[in-house]
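In what follows, a single structure is set out as structure tokens and then discussed.
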Amino acid sequence: MEDKLVTLAIRTFQRAQMIKTVLEENGIETVIHNLNLEQPELAVGVRVRIKESDLPRALKIVEEMESAWELENEKSIGQQVLVPIDFADQVEKTIDFGFHFAKDMNAEIVFLYVYFSPTFTISMHNDLSTYSISDSELLRRIVSSANADVENMRNILKARIENGELPNVPFSFVLKEGVPEDQILDYCKKNKPALVVMGTHGKNISTELIGSVTAEVMESTISPVFAVPVQVSLKSPDQIKKVAYLTNFDQKDLIAIDKTIELMKSNELEIYFIHASEKNEAWSEVMLAGIKTYFANHYPKLKTHYALIGSANSPELIDDYLKAKNIDLLAFNTRRRKLFSRLFSTGLAYKLVLHSDTLLFVTHV
């Protein structure tokens, strides 16, 4: 019986070629499928195929290769500020914050652009003619357009740096094909950026039932996320003076608040500690007073306030408080939520992204 071919892995063209070379050095016959032979660099997700009988040995070899690559990648990558972009109107404000944070953190900026490549052939029909665009031609146009957008932004950023509009920090672009939230989360898992800076549409624009890509990243990544609504007027961290912190009286909140203060790097901060609860219990007052005492001792120059508001399930009440106090930034700590729980309950990040026009900073301690 003939030994059939099975798919060992789906990788980029360059990575697939490296795997093929190593496997064949170990006597394992390897075939790469789904290549655009004229322009192989445009092939996305090519298949590495081997004989089924070679699968156990090949899996072990590839696992060792990719573990070595991951270790090498961790050693070579310095501290990063990740800025996912889609070339929308709000991207300039997101970029401004990204550059200033990168300067303060002595980090480089990585712009992640995720483009979508349809797998079907596009056809157009009318009474006079019928024609189609082949998959390879469509992919070529999509990749070419993405590269053109990136090159245009690269030139704009260089000009803004030369004009003194942005700090002079190193930056680079990464292009990925796929679903934005999936690719952003995958990048964060592999590269562990020190901060993710993303744009949001805010409450007056965003009406999607599914929710925001930014909220999805907030609830799923291990990296801290700074969200910039399109309506916000602030452009840099040094303009942030009033910070509200939404606390659940968890000890981890103290670590998260320290991270928030460190990120802002300002001696003029005012912190408003908020606890949202449906019950106005006496112990809540005591706990908030205790937090205020803790930070008065550890940050004597820091101005602190505390308040109890109606309900954690009502983003409108939280947003009303933020407006009444002229809060520049709302920060909170959240646990990573798994897919099942996200499908059947809406997390705080989703609620606030879709109901507030205030800057958000989310940590995962």
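The values are calculated or read from the model by the stated rules, or taken from the named source; none is laboratory data. This one's a predicted model, so the numbers in the text were calculated from it and none came from an experiment. When we count neighbours, we look across all protein chains shown, and the Cβ atoms used for this are built from the backbone with ideal geometry, even at glycine.
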Filtering the range 223-264 down to residues that are touching a strand residue (DSSP E or B) at 6+ places or on another chain (Cβ under 6 Å), of a type in the set (Val, Ile, Thr) and not in a loop (DSSP other than H, G, I, E, B) yields 225, 228, 243, 257, 260
Which one is farthest from residue 358 (Cα to Cα) among residues in the range 236-272 that are aromatic (Phe, Trp, Tyr) and modelled with pLDDT of 85 or more?
272
The range 33-54, subset in a strand (DSSP E or B) and modelled with pLDDT under 85, residue farthest from residue 179 (Cα to Cα):
33
Does the range 200-217 contain any residue that is modelled with pLDDT under 85, over 21 Å from the mean Cα position of the chain (by Cα) and not hydrophobic (A, V, I, L, M, F, W, C)?
yes
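Would you point out the residue of the range 273-291, among those that are out of contact with any Phe, Trp or Tyr (no Cβ under 6 Å at 6 or more places or on another chain) and in a strand (DSSP E or B), that is modelled with the lowest pLDDT? Explain how you work it out, then say what you get.
So the first thing to find is which residues in the range 273-291 are out of contact with any Phe, Trp or Tyr (no Cβ under 6 Å at 6 or more places or on another chain), and the list is 274-286, 289-290.
Checking the rest, the ones that are also in a strand (DSSP E or B) come to 274-276.
On the way: 274: 84, 275: 79, 276: 74.
So, considering only residues that are out of contact with any Phe, Trp or Tyr (no Cβ under 6 Å at 6 or more places or on another chain) and in a strand (DSSP E or B), the one modelled with the lowest pLDDT is 276.
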Test: residue 238 is in contact with a helix residue (DSSP H, G or I) (Cβ under 8 Å, 6 or more places away or on another chain), surrounded by fewer than 20 Cβ atoms within 10 Å (Cβ to Cβ), farther than 18 Å from residue 319 by Cα and not hydroxyl-bearing (Ser, Thr, Tyr):
yes
List every residue pair whose Cβ atoms lie under 9 Å apart, where the two residues are 6 or more positions apart in sequence or sit on different chains, the first residue falls within the range 248-265 and is closer than 17 Å to residue 223 by Cβ, and the second residue, located anywhere, is exposed (fewer than 13 other Cβ atoms within 10 Å of the Cβ).
256/250; 258/298
Extreme residue, modelled with the highest pLDDT, among residues of the range 93-135 that are surrounded by fewer than 14 Cβ atoms within 10 Å (Cβ to Cβ) and within 28 Å of residue 154 (Cα to Cα):
106
What pairs come up if the first residue lies in the range 5-22 and is under 12 Å from residue 58 (Cα atoms), the second is basic (Lys, Arg), and their beta carbons are under 8 Å apart, counting only those six or more places apart or on different chains?
6/49; 6/51; 7/47; 7/49; 8/49; 9/47; 19/11
